[in-house]
1. Can you give the accessible area of residue B:216 in Å² (nearest 10), computed on protein heavy atoms with a 1.4 Å probe?
2. Give a quick list of trypsin sites (Lys or Arg not before Pro) in segment B:28-89 that DSSP marks as loop, anything other than H, G, I, E or B, with at most 10 other Cβ atoms within 10 Å.
3. Relative contact order of chain A: what whole-number percent is it, with Cα pairs under 8 angstrom and at least 6 residues apart?
4. Against the longest alpha carbon principal axis of chain A, how many degrees, from 0 to 90 and to the nearest 10, is the axis of helix A:167-184 turned?
5. Please compute the contact order of chain B in relative form: average sequence separation of alpha-carbon pairs under 8 Å and at least six residues apart, divided by the residue count, as a percent.
6. Among B:115, A:88, what's the order by accessible area (1.4 angstrom probe), most exposed first?
7. Normalised by the residues of segment A:238-359, what does the relative contact order come to in percent, with Cα pairs under 8 Å and at least six apart?
8. Could you run the Karplus curve 6.51 cos²θ - 1.76 cosθ + 1.60 with θ = phi - 60° over segment B:200-213 and give me ³J(HN,Hα) per residue in whole Hz, x for Gly and Pro?
Amino acid sequence: MTADIEIRNVNKHFGAMSVLEDLSLSIKAREFIVFLGPSGCGKSTLLRMIAGLETVDSGEIAINRERIDHLPPGKRGIAMVFQSYALYPHMTVRDNMAFGLENIGMSREVIDARINEAARILEMPHLLERKPGQLSGGQRQRVAIGRAIVKEPKAFLFDEPLSNLDAALRTRTRLELAQLHQRLQSTMIFVTHDQVEAMTLADRIVVMNNRRIEQIGSPMEIYERPATKFVAGFVGAPAMNFIDATLDRSSGNATARFSDGISVRTAISSDLLADDKYSFGIRSEDVRIVPPGQGNADGVVDVLERLGERTLIYIRLGDGQQIVGSDVGNSRVAVGHKVGLAFDGQKSHLFSAAGRAWHAREA
Amino acid sequence: MIESKRRRRTVANIATYFVLAGLSMFCIGPMIWMLLTSLKYEADIVTQTMQYIPRRVTFDNYVAIWTQSGFPRLIGNSITVTFLTVTICVATGTLAAYAFSRFAFRGRTQLMLGYLVVRMFPAVMMIIPLYVVMRGVGLVDSRFGLALAYTSFLLPLFVWMLKGFFDSAPRELESAARIDGSTRLGAMVRIVMPLARNGLVASSVFIAIAAWNEFLFALMLTTGQGSRTWPVGLQLMVGEFQLPWGVLAAGGILSILPVVVLFAIVQRTMVQGLTAGAIKG
Ligand SMILES: Nc1ncnc2c1ncn2[C@@H]1O[C@H](COP(=O)(O)OP(=O)(O)O)[C@@H](O)[C@H]1O
Ligand SMILES: [Mg+2]
């Protein structure tokens, strides 16, 4: 089963504090949607509103064009996996999975069939008679997912389900979730503050901040054409470099000038921009390391981070600003060296004081 | 060096046990004495020289108090009153504690504090107005009336204790249960209550013991055989039987027996950590 989800002009307050303001979002059937944003931006609240665990102050939520915002959670046809897994500790794994099905009066045979099928998919038939206390973190995670699968829900809701796993298990489970989505073809909404999870899992990412949606788009859209300075800074590691700049708009494409005379010719049309202060943004992989004097600017290497396939190089410019550039894995550069920086104008961005973004013309 | 350190530790241990043993004697001593007295013949109780260990053992005192006084009646009344008190507290207090634990409503904090304020007045101060009210509604000298009076000061305690246990049951469990089709009440009964079971048992036993042993309210609010409880009844026997110490001691032992049994049960229940594995471990 699968479903589209429509959220229209939703508002939410806790007491005097506004958590979500006039938020609208359309989720297509079979889509894997990720809500991405810093802690406290309202991701969980939005997810819990879809689930029916929080009331909607105003606005509508519809699943398959049918309004559900007044229905109790159990009547919405959704399943949810929590960060803490929320397994019922006094029940066996089997009973945990059966609980929701028994509540809707499903027959014993169907329940057993579904549980066995889910246990087979998740490779955990041997765990069915255990209690949650006898399982490892990763196994509990599986049971939590199994409990969602057996309900054959219209949509799966995940609230940071990987945060409690160690790094290796997190990567593996991430992959399994992607496969599960392929296999079940269900609508899935996944909440995380981890941009790697968002980038790897999502069909579309909804970047949230400060009560609002900042941008909705595919992972590469979000990465390459961030709609706001917040998105540009939040997505991508290391974070995008930002440098204050004034613009020279005398030619077709604007040229950004930094305080110490460095200039970078961008691929952004001058006509779109104003005579104003801008923030120039560029990702580390678009700042190449070249011999001194051969790039847009020179600087001194502060720190090296060797990641194996590439090396992140933190460089201090003449005016004291730090820029992250990147070089090949076995870079010869060392701390204290003077190096040149070549900015890739095609890949650079400009942000207005209000945070709006401009990018190179689309090819 | 090591030798002296070990010696110091041994000395500290001995001192610790000495203090503990002393305190235990102080607490258990009177009860042991009561037990010993209840097993003596009347002639061996009042003697010239103190006789600690009875030379002759008899169960006559137990037979006497059970057959020749209103004691069974007193115990019966105490059981009824205690049962009513616990029933009222569990039925209303569980819901109240759950609401206090889970819902943010106006006046929540004030109500919780108000519950405590009731406890701050000495019982003697409450008893006159309570008596007037009880007489007004015709509940003086009734077991139900006494249970209600007990509820007035035990329910707040019960709610406070239970709220703590509910607070420690993870909220996401209820969220999960509601998504699994339970109502709020259903999630409370089927998920939270089993987790808070130890707390529920402990709190219930706690108020049961308080109600079982209560003296002052019982003295004021009961007048006749029909509703009198054992603490009052036993006290009144002092005059009735010209200080029959052996019989009184037997009554005392019989009365604390249920308490001892209940405590033994709670102890075991409270040790079990049921919430283990509810969340990430
Ligand atoms: N039940 C609640 N009562 C009051 N405030 C809440 C409640 N739940 C969440 N909040 C607040 O709402 C904001 C958004 O919370 P949440 O949706 O959990 O954020 P996120 O999941 O993005 O970290 C936070 O400031 C949080 O403190
Ligand atoms: Mg959250």
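The values are calculated or read from the model by the stated rules, or taken from the named source; none is laboratory data. The model shown is predicted, which means the values in this text are computed figures rather than measured ones. Note that each Cβ is placed from the backbone with ideal geometry, even for glycine, and that neighbours are counted across all protein chains shown. Side chains are part of the model used for accessible areas, which takes the heavy atoms of the whole protein and leaves out ligands, DNA and RNA. Shrake-Rupley method; radii C 1.70, N 1.55, O 1.52, S 1.80 Å.
1. Here the accessible area works out near 60 Å².
2. For trypsin sites (Lys or Arg not before Pro) across segment B:28-89 that sit outside H, G, I, E and B with at most 10 neighbouring Cβ atoms in 10 Å, the list reads B:55, B:56.
3. Here the relative contact order equals 15 percent.
4. Its long axis makes an angle of about 70 degrees.
5. 30
6. Order by accessible area, largest first: B:115, A:88.
7. 28
8. Result, ordered by residue: 5, 4, 4, 4, 5, 5, 4, 6, 4, 5, 4, 5, 4, 8 Hz.
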